[in-house]
1. Out of the residues in the stretch 159-180 that are without any contact (Cβ under 8 Å) to a residue 40 or more places away in the chain and surrounded by fewer than 16 Cβ atoms within 10 Å (Cβ to Cβ), state the one that is farthest from residue 24 (Cα to Cα).
2. Among the residues of the stretch 94-136, what is the count of those that are assigned to a loop (DSSP other than H, G, I, E, B), crowded, with 16+ Cβ neighbours inside 10 Å and in contact with a helix residue (DSSP H, G or I) (Cβ under 9 Å, 6 or more places away or on another chain)?
3. Do we have any residue at all in the stretch 104-119 that's free of Cβ contacts under 8 Å to residues at least 40 places away in the same chain and closer than 30 Å to residue 225 by Cβ?
4. Output yes when any residue across the stretch 71-93 is part of a loop (DSSP other than H, G, I, E, B), under 18 Å from residue 146 (Cα atoms) and in contact with a strand residue (DSSP E or B) (Cβ under 9 Å, 6 or more places away or on another chain), and no when none is.
């Protein structure tokens, strides 16, 4: 069975960036695997205090909607959301490396770097965990974007996609519906990326780049053709 592993810093990251593609892979018979790196009590401006338990419950519901397997463990997720810079890099790399070796995915979808240090820490740890001398190396590594943190100037947010996944109108509607129903603590108003209007606008923008109505965008970090 073909397997994909998603490694993400926060519970809603891949829901925004990659859930359309993940739905397609699920429908095609791929086994979906998830690793959440951080979750904590967070005092949001828009929602007030959201507990770690709520965040984890939302993530479990999200992975279940995709028929996915959530690989939580004694070490992951760290109770240090927004503070992954406090985690020893060796511990972070080792935790991610262990899950990659356990799952042995053909496709790895990883967090992209950004000016949010959690994203950058997870990205760098994933790349270290898949170094050429690692015991297991996926056939394909894709970097997913996060529009809430990449649409700005600066070298850490310079996301230039070279891989697009077209979405039909129905697939986009299902993506938005799932986000709205599962991530109740994360929904924002229509002027924000984390809203139905924001997700649709970003999907339309990426669709224009690849001559489709809607799309998700990725950056290929590594690809190995199997003949």
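1. 180
2. 5
3. Among the residues of the stretch 104-119, not one is free of Cβ contacts under 8 Å to residues at least 40 places away in the same chain and closer than 30 Å to residue 225 by Cβ, which makes the answer no.
4. yes
FYI, it's all coordinate maths here, none of it is from the lab. Since the structure is predicted, the reported quantities are computational estimates derived from the model, not experimental observations. Positions of Cβ are backbone-derived with ideal geometry, glycine not excepted, and every protein chain shown enters the neighbour counts.
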